[in-house]
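J.: There's a structure below that I have some questions on.
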Amino acid sequence: MDMSVKIGALKLKNPVTVASGTAGYGEELSEYMDISKIGAIFTKGLSLKPRPGNTGNRIVETSSGVLNSIGLENVGIEEFLKNKLPFLLKSGATPIPNIAGHTEEENIELARILSGTEGIDAVELNVSCPNVKEGGMAFGTNMPVFTRLVEKVRDVTGGVLIVKLSPNVTDITEFAVTAEKIGVDAVSAVNTFLGMKIDIKNRRPYFKNRVAGLSGPAIKPLAVRVVYQLFERITIPIIGLGGIASVDDIIEFILAGASAVSIGTMNMVEPAISLNLASELEEYCRAGSIGDLAALTGAAHTA
Ligand SMILES: Cc1cc2nc3c(=O)[nH]c(=O)nc-3n(C[C@H](O)[C@H](O)[C@H](O)COP(=O)(O)O)c2cc1C
């Protein structure tokens, strides 16, 4: 059965992908499943130079989710291109690097380098990381800053450009509409929601950064709401994510308006979940004689 979906000019084998930051660069995942069989792997947010990430506590479980404050720890673009990307390509996976520069210039440079690299057909611009002091969410929550950055990254990106939106704004649809106008090919929604934990023993915030990003099943209804709202305002594809843990969750996102989905936090619970859910989704389509998954995208809007 053909489960492929199109994200701009990029054809994914199926709509189930792995979310950035929850599976590194795919190597560890490949010990649990055939990574060539999922739609794509969004790799950990990259910067020009390697980054150690935040100090202190970095992740903690919450009710039905996790709060993280990793702070974009990554190997840097050079090491990624030299040692991480070749592994992904050799494995037959579809890599989508996630760009997470500190500054506008750094993001443009990363986009320029990646878009000229063989084997990379798409990049995801992360303007929504809540865990860094410079850049991150500051790009995705201020409209003039967002517009300028996305325009400049679009200018240097020949391939498919996906922008990962921040849900920590009053109206996320305004950012999506702007992205579409600039010529972005797709949006990912959502990144983590701002949250916080207080350590009751020492009566201080648990994370050094104070705030952190909430993900996992706890945020699923919020993310479905966002995807539904976006579908009403934009025509470019939406990659839906936030708390997906079952095939029913995937179908919910698709009916709300997603053309593809990503699995994030649940990879940490069940490393092969993305492939398992891709198979279950295919089974669902076969059982329901659904020949074209695209027909389901946004179907909840016509009811
Ligand atoms: C530990 C961790 C690290 C993450 N790192 C990144 C990142 O580098 N870039 C990014 O765009 N999103 C990052 N995210 C956000 C996820 O890609 C995803 O948007 C979010 O977790 C919601 O999906 P989920 O509820 O399925 O996890 C990270 C999330 C977690 C939990």
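The values are calculated or read from the model by the stated rules, or taken from the named source; none is laboratory data. All figures in this text were calculated on a predicted structure; none of them were measured in a lab. Here Cβ is always computed from backbone atoms with ideal geometry, including for glycine, and neighbour counts include all displayed protein chains. SASA here: full protein model, heavy atoms, side chains in, ligands and nucleic acids out. Shrake-Rupley method; radii C 1.70, N 1.55, O 1.52, S 1.80 Å.
J.: Could you work out how far apart the two model spin labels at ASN142 and LYS82 are, taking each label as a point 7 Å from the Cα in the direction of the beta carbon, and quote it in nm?
T.: 3.5 nm
J.: For the stretch 1-97, with every protein chain kept in place, what is the accessible area per residue (1.4 Å probe, Å²)?
T.: Here the per-residue accessible area is 44 Å².
J.: Where both partners of a DSSP beta bridge lie in the chain, what percent of those bridges are antiparallel, to the nearest 5?
T.: Around 40 percent of the beta bridges assigned by DSSP in the chain are antiparallel ones.
J.: Hey, what number do you get for the chain at 222 nm if only DSSP H runs of n ≥ 4 count, each worth -39500 (n - 2.57), divided across all residues, to the nearest 500?
T.: Numbers: 8 runs with 86 residues, N = 303.
Computed mean residue ellipticity for the chain: -8500 deg cm²/dmol.
J.: Once the Cα gyration tensor of the stretch 60-151 is found, what semi-axes does its equivalent ellipsoid get, as square roots of 5 times the eigenvalues, in whole Å, sorted largest first?
T.: Semi-axes from the Cα gyration tensor: 24, 20, 11 Å.
J.: Here's another thing I want to ask about it. Would you please name the GluC sites (Glu not before Pro) within the stretch 81-168 that are DSSP coil residues with at most 12 other C-beta atoms within 10 Å of their C-beta?
T.: Passing sites in the stretch 81-168 are GLU118, GLU134.
J.: In whole percent, how big is the carbon plus sulfur part of the accessible area of the chain, probe 1.4 Å, protein atoms only? Could you put the intermediate results ahead of the total?
T.: Working: 6640 of 12880 Å².
Summing carbon and sulfur atoms, their accessible area is 52 percent of the total for the chain.
J.: Ok, one more. Is the chain rounded, prolate or oblate when judged by the Cα gyration tensor, a ≥ b ≥ c being the square roots of its eigenvalues, rounded requiring a/c under 1.5 and prolate requiring a/b larger than b/c?
T.: Rounded.
J.: May I ask you to list the chymotrypsin sites (Phe, Trp or Tyr not before Pro) in the stretch 183-239 that are in a DSSP loop and have at most 15 other Cβ atoms within 10 Å of their Cβ?
T.: Details: sites: PHE193, TYR206, PHE207, TYR228, PHE231; in loops: TYR206, PHE207.
Passing sites in the stretch 183-239 do not exist.
J.: Among the listed pairs LYS13/LYS44; LYS6/LYS164; LYS13/LYS82; LYS49/LYS84; LYS84/LYS133, which are separated by more than 19 Å between their Cα atoms?
T.: Values: LYS13/LYS44 21 Å; LYS6/LYS164 17 Å; LYS13/LYS82 26 Å; LYS49/LYS84 15 Å; LYS84/LYS133 27 Å.
Violating the 19 Å limit, Cα to Cα: LYS13/LYS44; LYS13/LYS82; LYS84/LYS133.
J.: Then there's this: Let a ≥ b ≥ c be the square roots of the eigenvalues of the Cα gyration tensor of the stretch 149-303; is it rounded (a/c under 1.5), or, if not, prolate (a/b larger than b/c) or oblate?
T.: oblate
J.: Just how far, in whole angstrom, is the stretch 212-228 from the stretch 161-194 if you go by their alpha carbon centroids?
T.: After rounding, the separation between the Cα centres reads 14 Å.
J.: At a Förster distance of 45 Å, what's the computed FRET efficiency of ASP2 paired with SER64, Cβ-Cβ distance as r, to 0.05?
T.: 0.85
J.: With a probe of 1.4 Å, find how much accessible area the stretch 165-303 has per residue, and write the answer as a whole number in Å².
T.: Value for the stretch 165-303: 44 Å² per residue.
J.: Would you mind telling me which residue in ARG233, ARG58, ARG203 has the biggest mean-square fluctuation in a Gaussian network model of the chain, where springs connect alpha carbons within a distance under 10 angstrom?
T.: ARG203
J.: Using Cα pairs closer than 8 Å and at least 6 residues apart in sequence, work out the relative contact order for the chain, in percent.
T.: It rounds to 19 percent for the chain.
J.: Additional query: Please turn the phi angles of the stretch 278-287 into ³J(HN,Hα) values with the Karplus equation 6.51 cos²θ - 1.76 cosθ + 1.60 (θ = phi - 60°), one per residue in order, whole Hz, x for glycine and proline.
T.: Those phi angles translate into 4, 5, 5, 5, 5, 4, 4, 5, 5, 4 Hz.
J.: Can I ask one more? Give me the percent relative contact order of the stretch 125-223, please, defined on Cα pairs under 8 angstrom at least 6 residues apart.
T.: 26 percent.
J.: Would you work out if the stretch 1-68 is rounded, prolate or oblate? Take a ≥ b ≥ c from the square roots of the eigenvalues of the alpha-carbon gyration tensor; rounded if a/c is under 1.5, else prolate when a/b is larger than b/c, oblate otherwise.
T.: Details: a/c = 2.21, a/b = 1.72, b/c = 1.28.
Here the stretch 1-68 falls in the prolate category.
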